[in-house]
1. For segment 1-77, give me every one of the strands (runs of 3 or more DSSP E) that falls completely inside it and has 3 or more residues that are in contact with an Asp or Glu (Cβ under 6 Å, 6 or more places away or on another chain).
2. Step by step: first the residues of segment 244-275, then only those that are among the basic types (Lys, Arg) and more than 19 Å from the chain's Cα centre (by Cα), then the one that is surrounded by the most Cβ atoms within 10 Å (Cβ to Cβ). Which residue is that?
3. Starting from residues that are within 16 Å of the ligand (Cβ to nearest atom) and surrounded by fewer than 18 Cβ atoms within 10 Å (Cβ to Cβ), keep the ones in segment 53-76 and report whichever is farthest from Asp31 (Cα to Cα).
4. State whether one or more residues within segment 141-159 are open to solvent by 40 Å² or more (accessible area, probe 1.4 Å), touching a helix residue (DSSP H, G or I) at 6+ places or on another chain (Cβ under 9 Å) and over 26 Å from Leu246 (Cβ atoms).
5. If you go through segment 180-203 one residue at a time, do you hit one that is of a type in the set (Gly, Ala, Ser) and open to solvent by 50 Å² or more (accessible area, probe 1.4 Å)?
6. Kindly provide the set of residues from segment 163-204 that are in a helix (DSSP H, G or I) and touching a helix residue (DSSP H, G or I) at 6+ places or on another chain (Cβ under 8 Å), ordered by number.
7. Condition test on Thr96, is it within 16 Å of the ligand (Cβ to nearest atom), within 29 Å of the chain's Cα centre (by Cα) and not in a strand (DSSP E or B)?
8. Based on what the data block shows, is Gly129 assigned by TED's automatic domain parsing to the domain that holds Lys186 and either within 16 Å of the ligand (Cβ to nearest atom) or in contact (Cβ under 8 Å) with a residue 12 or more places away in the chain (or both)?
Amino acid sequence: MKPKIYVTRKLPESVITKLKTFSEVSIWNEDTPVPREVLLREVKEVDGLFCLLTEDIDKELFMHANKLKVVASMAVGFNNIDVNEATKRGIRVTNTPGVLTETTADLTFALIMATARRLVEASDYLREGKWKTWSPMQLTGQDIYGATLGMIGMGRIAQAVVKRARGFNMNIIYHNRSRKPELESKYEMEFTDLSTLLKESDFVCVLIPYSLEVHHLIGEKEIEMMKNSSILINTARGGIVDEVALYHALKNKQIWAAGLDVFEKEPVSVDYPLLNLPNVITLPHIGSASKGTRLKMANLVVENLQRVLTGESPLTAVN
Ligand code: DGY
């Protein structure tokens, strides 16, 4: 008998076809999150779960799952999953690192450039009919070439951002749980404490996984240390930055701009204060959103499910 898998979102047909070669598949075939009560019902009798970062995979869910062997998430971040509880119950958890590194680094760099050069504001200026003449100080931004980039985190995606920053002759400093001496010489960058990084950087780029220990790592006190001309970029997880403190700092021009792809509670509504400041570029969590990468992520999830359900080790295990 084939193992049963539940898929929590509509996916490309090619992905479902692959899943069906080794399992019996049921799907929440909508492009909206599966309602909690449906998920709790569906998880009861399945062996594998294909889920997204929009689902809470918590103790309550595991209590409903009578034969679950693997939770395969289509994301690199897994802060939505109670991994300890899964481990206690002998359930494997997998994620999708690697395949999304370059695409997420591209988006991070795009935010660096778009905030520094005020691209969204400038485009709106033109569309709103405000462009009457060329003017010396009109829509002036910050230089990227040669500026100081402070990386918080030095994992795969951060390293891919650093590679791009080298091409822009940026002066790179970083703060991370552990020092990476081999990367320091490779990318000519320096390790600093967090305060020094905040004080010296023109761009502060947050790229660490979320956990309770780093909740609001960047709060009022940390933002106060930043230069008035500096820009904060967050393409990691919203909870790392205190959004209320950030809003006030941006409104009062205590820092110059921010580029945010992630929020503490997603999705945010149109009246969310940060969306209504001219010096913020806000995106709907699209870091890994290229067609090719999203397909690679989905296919990696399929491979992980197949491996665990046939008794092999998954390619990218979390526990
Ligand atoms: C992840 O994978 O964790 C990103 O946030 C979405 O691709």
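The values are calculated or read from the model by the stated rules, or taken from the named source; none is laboratory data. As the structure is a prediction and not an experimental result, all values here were calculated from the model. All Cβ positions, even for glycine, are placed from backbone atoms using ideal geometry, and neighbour counts span all protein chains on display. Heavy atoms of the whole protein, side chains included, go into the accessibility calculation; ligands, DNA and RNA do not. Shrake-Rupley method; radii C 1.70, N 1.55, O 1.52, S 1.80 Å.
1. Once the strands (runs of 3 or more DSSP E) in segment 1-77 are filtered for at least 3 residues that are in contact with an Asp or Glu (Cβ under 6 Å, 6 or more places away or on another chain), nothing remains.
2. Lys251
3. So the residue we want is Asp56.
4. No: segment 141-159 contains no residue that is open to solvent by 40 Å² or more (accessible area, probe 1.4 Å), touching a helix residue (DSSP H, G or I) at 6+ places or on another chain (Cβ under 9 Å) and over 26 Å from Leu246 (Cβ atoms).
5. Yes, segment 180-203 contains at least one residue that is of a type in the set (Gly, Ala, Ser) and open to solvent by 50 Å² or more (accessible area, probe 1.4 Å).
6. Correct list: Lys163, Arg164, Ala165, Leu183, Leu194, Ser195, Leu198, Lys199.
7. Values: within 16 Å of the ligand (Cβ to nearest atom): yes; within 29 Å of the chain's Cα centre (by Cα): yes; not in a strand (DSSP E or B): yes.
Yes: the conditions hold for Thr96.
8. Against the criterion (assigned by TED's automatic domain parsing to the domain that holds Lys186 and either within 16 Å of the ligand (Cβ to nearest atom) or in contact (Cβ under 8 Å) with a residue 12 or more places away in the chain (or both)), Gly129 does not qualify.
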